[in-house]
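Before any comments, here is the structure.
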Amino acid sequence: MSWFKRTEKGINTPTELKRETPDGLWYKCPECKNVMHTREHKQNAYTCIHCNYHDKIGSEAYFSLLFDEGDFTELDKDMISGDPLKFVDTKAYPDRIKSTVEKSGLKDACRTAYGKMNGQDITISCMDFGFIGGSMGSVVGEKIARGIDHAIKTKTPFLMISKSGGARMMEAGFSLMQMAKTSAKLALLEEAKLPYISLLTDPTTGGVTASYAMLGDFNIAEPGSLIGFAGPRIIKETIGKDLPKGFQTAEFVLEHGFLDFIVDRKDLKDKLASLLAILK
Ligand SMILES: [Zn+2]
């Protein structure tokens with residue numbers, strides 16, 4: 001006879017009452033597979049304490065890392081996409097927007113805010129990959145354009161943090177027009193003699209690379225970021241050659257003269273602040 005016998009049947013403990021490690025307490029690095037406490041990972045600016053892998057983060061994390069005391073004012077908070085082309089793929093575009101808003105808690109793939117960074121005024125636009133692959137649609141372009149307007153009006157430097165798969169297919173030509181619009185606005189920023197720093201993060205590709213991401217007075221990147229225009233398979237097929245090792249990484253792009261420097265996210269705020277202090 002066994003000592004422990006369940007005599008009553010049907011006793012079930014609901015999952016939420018089971019004593020388990022709370023969800024999200026541990027972070028497993030996708031690069032080196034080591035495990036660390038999420039608090040430690042966050043304190044380390046969301047980089048791996050073992051191999052320095054820079055995890056993909058969004059506007060919320062960047063704003064809290066860069067703005068003093070995480071204090072900022074957001075511009076055009078509620079701007080939301082229209083459906084100029086009445087576009088339908090596997091679902092209608094407005095339905096896709098609606099479900100992505102609900103899922104991500106974001107209104108579109110870019111947020112713009114202003115505040116202080118190490119005591120200096122700055123305007124920052126930051127993309128969110130979690131919103132339809134960080135794709136550049138009319139809202140992204142308009143928010144960046146208005147961010148630049150704000151920088152000009154308040155005579156503050158402008159920082160763009162890019163993270164994008166490129167143009168938003170559901171807006172086709174309207175999406176491509178954002179390249180011209182943001183580039184023209186950046187020309188006005190230059191006329192006003194205000195600095196523009198572009199930070200390219202993992203990944204920055206397509207129409208974003210082909211416009212504002214590469215137009216900085218300083219183009220800088222996070223280590224290991226994928227940076228490119230077309231995907232490697234397309235390029236390989238076009239040029240009919242094998243691609244070199246490390247192709248389209250930030251390190252490769254730096255070596256070939258397209259970046260000014262690579263910055264560790266843990267040093268990002270201080271480096272940006274001292275760079276802006278020099279440019280004053
Ligand atoms: Zn790691």
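The values are calculated or read from the model by the stated rules, or taken from the named source; none is laboratory data. Note that the structure is a prediction, hence the values are computed from the model and not measured. A quick note on method: Cβ atoms are made from the backbone with ideal geometry, for glycine too, and the neighbour counts reach across all protein chains shown. Quick note on the areas: whole protein, heavy atoms, side chains included, nothing else; ligands and nucleic acids left out. Shrake-Rupley method; radii C 1.70, N 1.55, O 1.52, S 1.80 Å.
Report yes if some residue within segment 157-173 is open to solvent by 30 Å² or more (accessible area, probe 1.4 Å), within 20 Å of N219 (Cα to Cα) and in a helix (DSSP H, G or I); otherwise report no. Within segment 157-173 (the criterion being open to solvent by 30 Å² or more (accessible area, probe 1.4 Å), within 20 Å of N219 (Cα to Cα) and in a helix (DSSP H, G or I)), the answer is no, since none of the residues qualifies.
A search for C-beta distances below 6 Å between a residue of segment 43-66 that is within 15 Å of S225 (Cα to Cα) and without any contact (Cβ under 8 Å) to a residue 24 or more places away in the chain and any residue that is within 11 Å of the ligand (Cβ to nearest atom) and open to solvent by less than 20 Å² (accessible area, probe 1.4 Å), counting only pairs 6+ apart in sequence or on different chains, returns C48/C29.
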